[in-house]
Amino acid sequence: MIWHTARSARRLRSVLLDYLNRQHQNLKRAYSLNNLRQQLISRSTPATNMSNITTKPDKIQIRLINPEESQRVLDFLRVHYYPEEPLNVGIEPKRQEDADEEYTMSMVKYGMSLMAVEPISQNSKDRIIGALIVGPKDANEANNLFKAANRAATRKWYHMTQLLACVERDANVFERYKVQRALHNHAIGVDSTMRGKNIGSRLITEMIKVAKDAKFEAITADCSSFYSAKLYERLGFECINTIYYSDYKDTNKQQVFRPEPPHTCIKTYGYRL
């Protein structure tokens, strides 16, 4: 009876060992198959080297704006930039000036402005969710703006260009950084439904790459908005000048720009490349 029990125990142990060995082999096979699958996936993924496009897991792309897309980008800015831009809404009439739109969009021809797009489907255009308009400038920029102010057809455009001329003069970036050429950010707008996704940061980060590739020596931005100023600060730009709206007055000593808080000043930021 004892011998029979021992033989049964040995048989059971043998069955269990055989079962565990098969399970172990199955796990090894599964692991090998998974490794092979990952290798095949990595080999089948094409490597891209497109300096003017960056992608993220959320499928958002940052790319250069083609000149033929100017109207489409302007339509975007009319909704997601101008209605909130403190210089634009801080003085009557609150609608943007035609000269303002023309001047801003004239920068697209230089081929360095960027937009963030989100694919919708294979059969439709990408949706613009962000735009950053930039253009070159040199040490004559302040004088050019003062001359533009004198040619302004409206009171609003006169004061906008006059203030920006004062900002450019006081920032004195070319003397401060000892440079000859700089890339200037004229406008940045993000779709109101897409904020909080670092789209503005992505646009500025890509702008830095574009500026370096084009051999610029510095980047500047006049931040009329409290929020855009904070964005540039987070990205390591240096605040080199501040003009408070309360300090800019007309010939009658009246404050010209009165945007809603927290927009109290226009700050110039610089980034030496």
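Read-outs: derived from the displayed coordinates by stated rules, not from any lab. All values reported here derive from a predicted model rather than from experimental measurement. Counting neighbours? That spans all protein chains shown, and the Cβs are built from the backbone with ideal geometry, glycine included.
Quick one, can you get me the convex hull of the C-alpha atoms of the stretch 153-273 expressed as volume per residue in Å³? Walk me through the intermediate numbers first.
On the way: hull volume 15.6 nm³, N = 121.
Once divided by residue count, the hull of the stretch 153-273 is 129 Å³.
Any idea what diffusion coefficient the stretch 58-272 gets from Stokes-Einstein, in µm²/s, Kirkwood Rh on alpha carbon pairs, 37 °C, 0.692 mPa s?
Numbers: Rh = 17.7 Å.
My calculation gives 186 µm²/s for D.
Which ³J(HN,Hα) values, rounded to whole Hz and listed in residue order, are derived for the stretch 193-208 from phi using the Karplus coefficients 6.51, -1.76 and 1.60 in 6.51 cos²θ - 1.76 cosθ + 1.60 with θ = phi - 60°, glycine and proline given as x?
Karplus values, whole Hz, x for Gly and Pro: 7, 10, 6, x, 10, 6, 5, x, 4, 5, 4, 5, 4, 5, 4, 4.
Among the listed pairs Lys147/Lys230; Lys178/Lys215; Lys209/Lys230; Lys178/Lys253; Lys156/Lys178, which are separated by more than 25 Å between their Cα atoms?
Details: Lys147/Lys230 31 Å; Lys178/Lys215 15 Å; Lys209/Lys230 21 Å; Lys178/Lys253 35 Å; Lys156/Lys178 33 Å.
Those over the limit are Lys147/Lys230; Lys178/Lys253; Lys156/Lys178.
Amide H of Val134 versus every other amide H placed in the peptide plane: which residues, excluding those fewer than 5 positions away on the same chain, fall under 5 Å?
Residues meeting the criterion, in which the H sits 1.01 Å from N, are Ser113, Leu114, His186.
Glu260 versus Glu68, label points 7 Å from Cα toward the beta carbon: distance in nm?
Simple spin-label model gives 4.0 nm for this pair.
Amide H neighbours of Ile240 under 5 Å, counting only residues 5+ apart in sequence or on other chains, H built in-plane at 1.01 Å?
Answer set, sorted by chain and number: Thr268, Tyr269, Gly270.
From the phi angles alone, apply the Karplus equation (6.51, -1.76, 1.60; θ = phi - 60°) to the stretch 61-77 and give each ³J(HN,Hα) in whole Hz, x where the residue is Gly or Pro.
10, 10, 9, 5, 8, 7, x, 5, 9, 4, 5, 4, 5, 4, 4, 5, 5
For the stretch 216-225, just list the computed ³J(HN,Hα) in residue order, Karplus coefficients 6.51, -1.76 and 1.60, θ = phi - 60°, integers in Hz, with x standing in for Gly and Pro.
Running phi through 6.51 cos²θ - 1.76 cosθ + 1.60 with θ = phi - 60° gives 6, 9, 7, 10, 10, 8, 9, 8, 7, 9 Hz.
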